[in-house]
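Have a look at the structure below, then the notes.
The values are calculated or read from the model by the stated rules, or taken from the named source; none is laboratory data. Because the structure is predicted, anything quoted here is derived from the model rather than measured. With ideal geometry, Cβ positions are generated from the backbone for all residues, glycine too; neighbour counts draw on all protein chains shown. Heads up: the accessible areas ignore ligands, DNA and RNA and are worked out on the full protein's heavy atoms, side chains in. Shrake-Rupley method; radii C 1.70, N 1.55, O 1.52, S 1.80 Å.
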Amino acid sequence: MAALKSRWQNYIDGGWIDGGAGWLEVINPGTGEKLADQALADAGDVDRAVRAAKRVHDSGALTAMRPVERGRMVQAMGLYLLDNIEEIARLLTLEQGKPLHEARGEITGAARYFEYYGNQAETLEGRSIPLGAGYFDFTENEPYGVSAQIIPWNFPVEIAARSLSAGLATGNAVVIKTSEMTPLSSAWLARAAEVVGLPKGAVNILTGLGSEAGAALASHPEVGQIVFTGSVATGIAIAKAAAANVVPCVLELGGKSAAIVHQDADLQAFEAEIKRGIFTNAGQVCSAMSRVIVHESRHDELLERAASVARSLSVGPGIDRAEAGLNMGAMASEAQRDRAADMVRAAEQAGARVITGGRRMNIPGAFLEPTVIADVTPDMPIAQDEVFGPVLSVLKFTHEEESIKIANGTEYGLVAGVFTRDLNRATRAARQLKAGQVFVNQWFAGGVETPFGGYGKSGYGREKGREALWNYVQTKNVAIRLE
Ligand code: NAD
């Protein structure tokens, strides 16, 4: 495997360039050591990238071809990622902290988006609307032109692939702003665009500070549509910037998602849901199972099982964790780790009981012990605010209605889950839960094919599934008066 490059650039208009905002050190959160330097784009670089994308759009290079050809290019990008999966996964683990096997899973997931949306390119059909003998009327779906995509650090390759594949499949040119914490692995997306023969400027990938490059991209007057994944505060800033230019945006924000566990649930099987739901990516998953609301009759047993899952995890540098199993890597940065640890402390002071974990680990890097907290009540900040770390809050309920009320009692609404053998109870809950996606008896059930997005402050618009395609196109109606 090639040695890691020490200086990384931005990909604008088919060329690799430094940036106007200097250089930033990228830290390996698994060791706390510097990994590489990343060139930072400024507003001028963003402007060049958007203009390049606009030029490609205006040239018709992406829209004139038959959609199946565009779709094949999109699919080929995914195959290129799979051809290089080991190298990309290693890089992703080094810059983000997740176990190597999870990084491989992320690259496979990213490739799956290119496969799925590449396939969808030729399925985006309009319709004809009958207006009587004197007219022929039809609709077409036209791309917005330049799609601006602002990406977070928790799944930097997969989330970028999600928006990029759908944006390209629908015929948009794209400008991606990666997170300043995890800029390196996205270089492979630029290489993929190059290898499959997309025109220069069709895909631009830059890194810069959110307040500078991110804000410049969100407010650029030539951007036709924005997709943002990240925090609520930034989402609001981006929605305001989009409103000022009267362009649509999709917001995929955070969550405080709850699993309701009924008295008839299979708690042994639920242990695997705990491992995947809250300890995958050290809990830095917007749809993490950060709350469990369990029937009082099973509370103590569930708590014991959750604590034993947490204690069984081998925690350490992701690069040493190549095989799937009971392990967990670093958080993405020491700042994120400290924030999560402070929230656990505050929960304790508010009367919650830390059953296991909660402390920074005494090794270099951004490690937090896998944590389970009991005696959490719905009004506590730990039950309301997103921790974005490996921290599970356990709450109790007595009656079914109470479980729904607690689950719905935050400002978020990304996903929710119900664990029961009673189909009627599960269906009732699915209808009452205020969330964009409800899992029954398996957390993270679904896939690239199933629409994903939030209610409430978890955002609006949907990514994944066919629904996402409509984010990237606008409807044109053509009415022809016949003689
Ligand atoms: P963040 O909002 O701080 O940053 C996300 C991106 O926005 C980064 O690229 C950042 O540089 C950029 N940014 C920051 N300020 C900006 C501004 N003023 N204008 C334009 N861009 C700006 O979020 P984060 O800390 O990277 O990610 C963690 C948060 O994201 C969590 O709350 C998590 O739940 C959420 N998230 C949601 C999803 C989802 O699909 N719903 C997925 C991943 C993460």
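Look at where the Cα atoms of the stretch 10-89 and of the stretch 351-406 average out, and the two centres are 37 Å apart. With protein chains left intact and a 1.4 Å probe, residues in the chain average 39 Å² of accessible area per residue. The stretch between residue 308 and residue 128 holds 58.8 nm of extra length on full extension. This uses 0.36 nm per residue minus the Cα-Cα distance. Assuming charge only on the beta carbon of Lys and Arg (+1) and of Asp and Glu (-1), the dipole of the stretch 24-97 about its Cα centre is about 560 debye to the nearest 20.
Of the residues 49, 62, 22, the one whose Cα sits farthest towards the positive end of the charge dipole of the stretch 1-107 is 62 (charges of +1 on Lys and Arg Cβ, -1 on Asp and Glu Cβ, taken about the Cα centre). Placing unit charges on the Cβ atoms only, positive for Lys and Arg and negative for Asp and Glu, gives the chain a dipole magnitude near 340 debye about its Cα centre. Taking all protein chains as present, what is the carbon and sulfur share of the accessible area of the stretch 403-448, in % to the nearest whole number, probe 1.4 Å? C and S fraction of accessible area: 45 percent. Identify, among 427, 302, 397, the residue whose Cα sits farthest towards the positive end of the charge dipole of the chain, taking +1 on the Cβ of Lys and Arg and -1 on the Cβ of Asp and Glu, with the dipole about the Cα centre. Checked the options; the winner is 427. For the stretch 265-413, the relative contact order is 28 percent, taking Cα pairs closer than 8 Å that sit 6 or more residues apart in sequence and dividing their mean separation by the residue count. Any of 396/434; 200/464; 5/177; 34/200; 177/464 with alpha carbons more than 23 Å apart? Name them for me. Distance filter (> 23 Å) returns 200/464; 34/200.
Once the Cα-Cα distance is subtracted from the 0.36 nm per residue extended length, the residue 236 to residue 119 segment shows a gain of 38.8 nm. Across the options 111, 341, 157, the greatest Cα extent toward the positive end of the charge dipole of the chain (unit charges at beta carbon of Lys, Arg, Asp, Glu) belongs to 111. Amide H to amide H, with H built 1.01 Å from N, residue 259 comes under 5 Å of 291, 292, 293, 417, counting only residues 5 or more places away or on other chains. Once both labels are positioned 7 Å from their Cα atoms along Cα-to-Cβ, the gap between residue 377 and residue 79 label points is 6.0 nm. Solvent-accessible area of the stretch 170-209 (1.4 angstrom probe, protein heavy atoms only): carbon and sulfur portion equals 60 percent.
Got a sec? What order do 98, 5 fall in by accessible area at 1.4 Å, biggest, i.e. largest, first?
From most exposed to least exposed: 5, 98.
In percent, rounded to a whole number, the relative contact order of the stretch 65-156 is 31, using alpha-carbon pairs under 8 Å and six or more apart. When you restrict to C-alpha pairs under 8 Å that are six or more residues apart and normalise by the size of the chain, the relative contact order lands at 18 percent. Label-to-label distance for residue 17 and residue 353 is 6.1 nm, based on points extended 7 Å past Cα in the beta-carbon direction. Put simply, the amide H of residue 443, placed in the peptide plane, has no neighbours under 5 Å, leaving out anything fewer than 5 places away on its chain. The stretch between residue 64 and residue 272, if pulled fully straight at 0.36 nm per residue, gains 70.0 nm over its current Cα-Cα span. Of all the accessible heavy-atom surface of the stretch 1-126, with the other protein chains kept in place and a 1.4 Å probe, what percent is carbon and sulfur? Roughly 47 percent, rounded to a whole number.
For the stretch 263-308, a simple Cβ point-charge model (Lys and Arg +1, Asp and Glu -1, everything else neutral) yields a dipole of about 300 debye relative to the Cα centre.
Translational diffusion coefficient of the chain at 10 °C, 1.306 mPa s, Stokes-Einstein with Kirkwood Rh over Cα pairs, in µm²/s as a whole number. Estimated diffusion coefficient is 69 µm²/s. Placing pseudo-labels 7 Å out from each Cα toward the beta carbon at residue 137 and residue 6 gives an inter-label distance of 6.6 nm.
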